[in-house]
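Shown next, in structure tokens, is the structure this report addresses.
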Amino acid sequence: MSLLVVGLSHRSAPVSVLERAALTADAQVKLLQDTVAAEPATEAAVLATCNRIELYADVDKFHAGVAELSTLLARHSGVGLEELTPYLYVHYEDRAVHHLFSVACGLDSMVVGEGQILGQIKDSLARAQDLQSAGRLLNDLFQQALRVGKRAHSETGIDRAGQSLVTFGLEQLARGGDVQQWARGKKALVIGAGSMSSLAAATLARAGVAEIVVANRTFDRAERLAQILMDGDDTDVAARAVPMESVPAELTRADVTVSCTGATGLVLTAESVAGAVEGRTPAPAAGPGEDGPGAPGGESGPATGSGAQRGGAAGTSLGSEDGCPLDLSAVQGTAGFSVLGEAAVAGMAAADLEQHAAWVDNGSVGGTQRTGGTARAGQTGTLDPAADTDAIAALAATVATVGRIPERRRPEPVEEPQRPEPVLFLLDLAMPRDIDAAVHRLAGVRLVDIESLAEASAGAPMAADVDQVRRIVSDEVAAFGAALRAAHITPTVVALRTMAADVVAGEIARLDGRLPGLDDKHRAEITQTVRRVVDKLLHAPTVRVKQLAAEPGGAGYADALRTLFDLDPETVAAVSRAEDSTTEKDRGPA
């Protein structure tokens, strides 16, 4: 049997796909049950967090295992297999071990070095143990991953490389400023009472918020979390619990809200957030085209009326020219624009280009005369298109080839209206999302969600300790693989020694038949001598075969041993089952 993992994470899939593929608690249970019921797999565990969904299994066939696990993931996530496949990754045997150990150390987290993943791995193992879907391999693997993760955090400074997702999210809300200074005195609303929400509440309390309101579907859990916050020795925050029905009312008085629930639908819609900030944001400043300073007709507006139009005489309107294919009113104020030049015809289709050429050849531009390629205001006369003949001919040739001329002018910068300072800060740590993404567009609101956290963390620098953690992971993977391969041959060695003991017992029984008068003292001495001879003969080969089996590619030594000594495969399997049973009894909680 071999370890296989199939999954997707923030590194392989966009947040929109992760959100749709998120597994509820019930879906995880059903996925585990269906996986161990499938033909290629005998063990299974699911690791599902806000930014990863991974299915681990012990399979006897690689290709069949990949196909089955991918199909099961697609079925239980509700995302079609064809759509999901481009985002899936597959790790096998040692690479699968390396992947889980890296995950446990925080190397694969959205925020490098965060330690919350250890609790999530522990929960995944506990769920698999409860459902009895984790056998010896996955129990050993996940427990070792927990030990490797703890070792990485204790022996290196990986904690300095990153923070919890909560801390990172709060830093993003504070726009990289000091979180304590930003949070001091604010009123916070925490929606949810799970591990992530509890961490968020504790972090906010330590940051100095004045009040925390906890809302949860199970009111008792909200009350318990609020009481823990009130009893904390390192904070003096006021905390209280409310039912979920009170969230809209509490939102109107909250300064910062953190949401992380297991809901499958939105907890906060854009409409509810808009209603909560209504009346709390200042009126936006007048923009272009509106009454006020800088608007047309205002004190600092541009000059209008006769003689104000660029390149035209008094009372002249470029837009009134018959036969001109250009929207002259839209471009007449553009600096450096000439209705006869190359910029005028950039992007123009072939038919319009011909119309423009005819207009240039046959008319005058309402009081503007073109001489030597320059438009002179206030002069009237016949146009001389000779200066543009070559340019227009070249443009016409291009149009004939590609159909139109691509726009060459750099677009004018668009001034975005200034948004008011946020009065409500929202942190959405749920997957799928709790807060409508349309909230990003609301004035007076700042939303940080998993998608924006992924973008913010993409370019985050990693600490030098990361290299040390990677070395720890590599060493632990090698040690785990060696132990796994050595354990694989142990039942064969035990079966060999059992067979040898049976041979000794049989020969002593025959000796008793041949020498019936042999006294007990001599019989015991002979028995001990024969056993010592057998042990000495088997010692070197069995020790050496364990060493060889622990090396990469050593799996075949067990088969060779069974073949050389003609061991019964069923006897070896029985020893293996007995060892697994003993291990399960001795194994402590995850």
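The values are calculated or read from the model by the stated rules, or taken from the named source; none is laboratory data. All of these numbers come straight from a predicted model, not from anything done at the bench. Don't worry about glycine lacking a Cβ; one is built from the backbone with ideal geometry, like all the others, and counts go over all protein chains shown. With ligands, DNA and RNA removed, areas are computed over all heavy atoms of the protein, side chains included. Shrake-Rupley method; radii C 1.70, N 1.55, O 1.52, S 1.80 Å.
Quick check on region 237-279: take the gyration tensor over C-alpha atoms, sort the square-rooted eigenvalues as a ≥ b ≥ c, and tell me if it's rounded (a/c under 1.5), prolate or oblate. Verdict is oblate for region 237-279.
Here the extension length gained between ASP236 and LEU131 equals 33.6 nm, from 0.36 nm per residue of separation less the Cα-Cα distance. Computed from backbone phi with θ = phi - 60° and the Karplus coefficients 6.51, -1.76 and 1.60, the 3J(HN,Hα) list for region 445-455 is 10, 10, 10, 10, 10, 4, 5, 6, 5, 4, 5 Hz; x is used for glycine and proline. Listed values for region 136-142 are Karplus-derived 3J(HN,Hα) couplings in whole Hz (6.51 cos²θ - 1.76 cosθ + 1.60, θ = phi - 60°), namely 4, 4, 6, 4, 4, 5, 5, and x replaces Gly and Pro. Nonpolar atom fraction for region 20-118, defined as the carbon and sulfur part of the 1.4 Å probe accessible area, stands at 52 percent. The coefficient of translational diffusion for region 1-118, derived via Stokes-Einstein from the alpha carbon Kirkwood radius under 37 °C and 0.692 mPa s, stands at 232 µm²/s. Looking at the square roots a ≥ b ≥ c of the eigenvalues of the Cα gyration tensor of region 109-267, which shape do they give, rounded for a/c under 1.5, prolate if a/b is larger than b/c, or oblate? It comes out oblate by the Cα gyration axes. Neighbours of ARG224 by Cβ distance under 13 Å: Lys/Arg scored +1, Asp/Glu scored -1, total -1.
Packing here is the average count of other Cβ atoms within 10 Å per residue, and on that basis the peptides 80-90, 217-227, highest first, run 217-227, 80-90. Per-residue 3J(HN,Hα) values for region 485-498, derived from phi via the Karplus relation 6.51 cos²θ - 1.76 cosθ + 1.60 with θ = phi - 60°, read 5, 5, 5, 5, 8, 4, x, 5, 5, 4, 5, 5, 5, 5 Hz in sequence order (x marks Gly and Pro).
If you sort the three axes of the alpha carbon gyration tensor as a ≥ b ≥ c, you get a/c of 1.5 or more for region 128-177 and a/b no higher than b/c, which makes it oblate. Sorting the segments 465-473, 522-530 by their mean number of nearby beta carbons within 10 angstrom, highest to lowest, gives 465-473, 522-530. On the beta carbon distance between ALA479 and ILE228, with R0 = 51 Å, the FRET formula returns roughly 0.85. In this structure region 94-172 gives 35 Å² per residue of accessible area when probed at 1.4 Å with all protein chains present.
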